[in-house]
Protein chains: 2
Amino acid sequence: MYTCTQLTLFSSRYKPSVTLKPEKCSESQMSIRKEKKALTRSALINAALQLVEEGGNFATISIREIAKHAGIVPTAFYRHFKDTNELGLNLVDELSTCLRQLIRSAREQSENSTQLINHSIRIFDEHLSSHRELFVFMTQGRSGGTPSIRNAIRNELNVFALEIVNDLSQQQSFPTLNSAQLKMVADLIVGTLAYSATDLLDLTDNPVLRTERLALLEAQCRVIFLGAAEWKA
Amino acid sequence: MYTCTQLTLFSSRYKPSVTLKPEKCSESQMSIRKEKKALTRSALINAALQLVEEGGNFATISIREIAKHAGIVPTAFYRHFKDTNELGLNLVDELSTCLRQLIRSAREQSENSTQLINHSIRIFDEHLSSHRELFVFMTQGRSGGTPSIRNAIRNELNVFALEIVNDLSQQQSFPTLNSAQLKMVADLIVGTLAYSATDLLDLTDNPVLRTERLALLEAQCRVIFLGAAEWKA
DNA sequence: GTTAACTGTGTACAAGTGTACATTTAATTC
DNA sequence: GAATTAAATGTACACTTGTACACAGTTAAC
């Protein structure tokens, strides 16, 4: 249907795999030492995410807690991160990769664009479930993180919105809108998704209410699309 | 233009003044003791809000910190609240009053409904500034608070949305929508406002970007209204 | 006026925190 | 193989935290 040509948006940034596996580093063979370091590093990242998912607030978890969960001694933490804040910024990088995967999955499914909203929301939902920890971190951090983390997350959501702008303009969903107006609409969509995320993440073990919430989100996206189509300067 | 007749929604709940003054308790003359207690109680509440506004995360501030800022000894905290969580639930009550004032102000201004969105957003903006602490707490707590605080905030935002439904139906803004559909739209509006709040609160000392963000919010609300008008089952 | 109730004080302690520093262990380099 | 480098350990210390407990000072009740 269309090709991914927004290289300019991302070519400058490398992000590690979101799978959080021990950083395979595929082609380049690492030295054993660096390999082990990368291993405990992602153990720390995973420990932090796990603690966040288990109900902890990222702002309150301590270096010692993280280190314990990662199976290392507290002071070893400093070999990898200066701070919990610095670790948090790395979590944002994981989030970035995850969001990009989300966009890619949504694009694959959107061949038949008649049910575009349906499809996209289902994919969003699946990502919420399969990367719960990251999205809990995202929703927490966007308003409750340190200033630098808040900014980093804001930035990722902005990039996400720009991706949506790209898609909307390539599919000519709203021919009457210029790119600034498309961005405005995309921001509204992203905001609505992010806002819903908080609710959905809290409904993990209540399938009925969760489905209801998803239906609400879908209707709201439809309203946004209807409104965007009607927009006049 | 219209009268406030949604008594059924609120008649069962009393909320203290949001001004956080020492709980005047107007008509009933309190005993001196209870009066003093109420005084230090709101000193604790104000201390917590101040700490939150000064950049602290509510989840991380300690009983000792709050007590110190309130000018009492740490252990005296327990005479008023069992927990920081219990204090947090009281902050939600303050928030509730604040949101109700917001609705009321918006209604007073909405006599000429031609610029309804403009007016409402300006009022929203003013409330964000004059009750910064409460809204910082709200955005933090909605996704990063304890489960009970998250629920309490969710509940308040739901009540807020119901108020909007009330207004929309009384003004017959969208004659084609039934009340469930109006609620869906109101939730979208509330979500968009809440999402924007996080951004706006971070732009307090950057008037230029702040104005931009407000313009974005206004455009987005317009999209929502356009879409709601176009909605068909 | 005495007694009882209650808010706020002061002390105390065990548990948890960040982090400096010296040490051990293992991989890389020569 | 010896020397070097770096990751992880272990110990240590000065905080901060929540909270139990005994106490003091005031107000309320009788």
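Being loosely packed, with under 14 Cβ neighbours inside 10 Å, among the acidic types (Asp, Glu) and modelled with pLDDT under 70 is a condition met by at least one residue of the range B:18-29. Scanning the range A:67-76 for any residue that is outside any helix (DSSP H, G or I) and aliphatic (A, V, I, L, M) turns up at least one such residue.
Kindly provide the set of residues from the range B:45-58 that are in contact (Cβ under 8 Å) with a residue 60 or more places away in the chain and out of contact with any helix residue (DSSP H, G or I) (no Cβ under 6 Å at 6 or more places or on another chain), ordered by number. Residue satisfying the conditions is B:GLN50 alone.
How about the range A:64-84: which of its residues are of a type in the set (A, V, I, L, M, F, W, C) and buried (at least 18 other Cβ atoms within 10 Å of the Cβ)? Full working, then the answer.
Initially, the range A:64-84 is screened for residues of a type in the set (A, V, I, L, M, F, W, C), giving A:66-67, A:70, A:72-73, A:76-77, A:81.
Matches in the range A:64-84: A:ILE66, A:ALA67, A:ALA70, A:PHE77, A:PHE81.
Of the residues A:LEU128, A:LEU91, only one is more than 14 Å from chain B (Cβ to nearest Cβ), buried (at least 21 other Cβ atoms within 10 Å of the Cβ) and touching a Phe, Trp or Tyr at 6+ places or on another chain (Cβ under 7 Å); which?
Details: A:LEU128 fails: more than 14 Å from chain B (Cβ to nearest Cβ).
The conditions single out A:LEU91.
Every condition in (1) at the interface with another protein chain (Cβ under 8 Å from one of its Cβ atoms); (2) under 20 Å from B:LEU217 (Cα atoms); (3) among the aliphatic types (A, V, I, L, M) holds for A:VAL165 except the one numbered (1).
For the range B:147-161, the set of residues classified as away from chain A (no Cβ under 11 Å) and not aliphatic (A, V, I, L, M) consists of B:SER148, B:ASN155, B:GLU156, B:PHE160, listed by residue number. Considered as a group, the residues in the range A:181-209 that are more than 10 Å from every other protein chain (Cβ to nearest Cβ) and over 20 Å from the mean Cα position of the chain (by Cα) include one that is farthest from A:GLN220 (Cα to Cα), and that residue is A:ASP205. Of everything in the range B:51-66 that is assigned to a helix (DSSP H, G or I) and more than 11 Å from DNA strand D (Cβ to nearest atom), the residue that is nearest to the other protein chains (Cβ to nearest Cβ) is B:VAL52.
Of the helices (runs of 4 or more DSSP H) lying entirely inside the range B:122-233, those containing at least 3 residues that are free of Cβ contacts under 8 Å to residues at least 40 places away in the same chain are B:147-170, B:179-202, B:207-230.
Checking the structure you have, find out if any residue of the range B:82-99 is farther than 21 Å from B:ASP199 by Cβ, assigned to a loop (DSSP other than H, G, I, E, B) and within 16 Å of DNA strand D (Cβ to nearest atom).
First pass over the range B:82-99, keeping only residues farther than 21 Å from B:ASP199 by Cβ: B:82-94, B:96-97.
Still in the list and also assigned to a loop (DSSP other than H, G, I, E, B): B:82-83.
Checking the rest, the ones that are also within 16 Å of DNA strand D (Cβ to nearest atom) come to B:82-83.
There is at least one residue in the range B:82-99 that is farther than 21 Å from B:ASP199 by Cβ, assigned to a loop (DSSP other than H, G, I, E, B) and within 16 Å of DNA strand D (Cβ to nearest atom).
Looking across the range A:36-58, the residues that are within 11 Å of DNA strand C (Cβ to nearest atom) and within 24 Å of B:GLY141 (Cα to Cα) come down to A:LEU51, A:GLY56.
Residues of the range B:63-102 that are within 16 Å of DNA strand C (Cβ to nearest atom) and among the hydrophobic types (A, V, I, L, M, F, W, C): B:ILE63, B:ILE66, B:ALA67, B:ALA70, B:ILE72, B:VAL73, B:ALA76, B:PHE77, B:PHE81, B:LEU87.
In the list B:THR139, B:THR84, B:THR114, which residue meets the criterion of being farther than 24 Å from B:LEU200 by Cα, out of contact with any His (no Cβ under 6 Å at 6 or more places or on another chain) and within 12 Å of another protein chain (Cβ to nearest Cβ)? Outline the logic, then answer.
Values: B:THR139 fails: farther than 24 Å from B:LEU200 by Cα; B:THR114 fails: within 12 Å of another protein chain (Cβ to nearest Cβ).
The match here is B:THR84.
The values are calculated or read from the model by the stated rules, or taken from the named source; none is laboratory data. A quick note: this is a predicted structure, and the numbers were derived from the prediction, not measured. We place every Cβ from the backbone using ideal geometry, glycine too, and count neighbours over all the protein chains shown.
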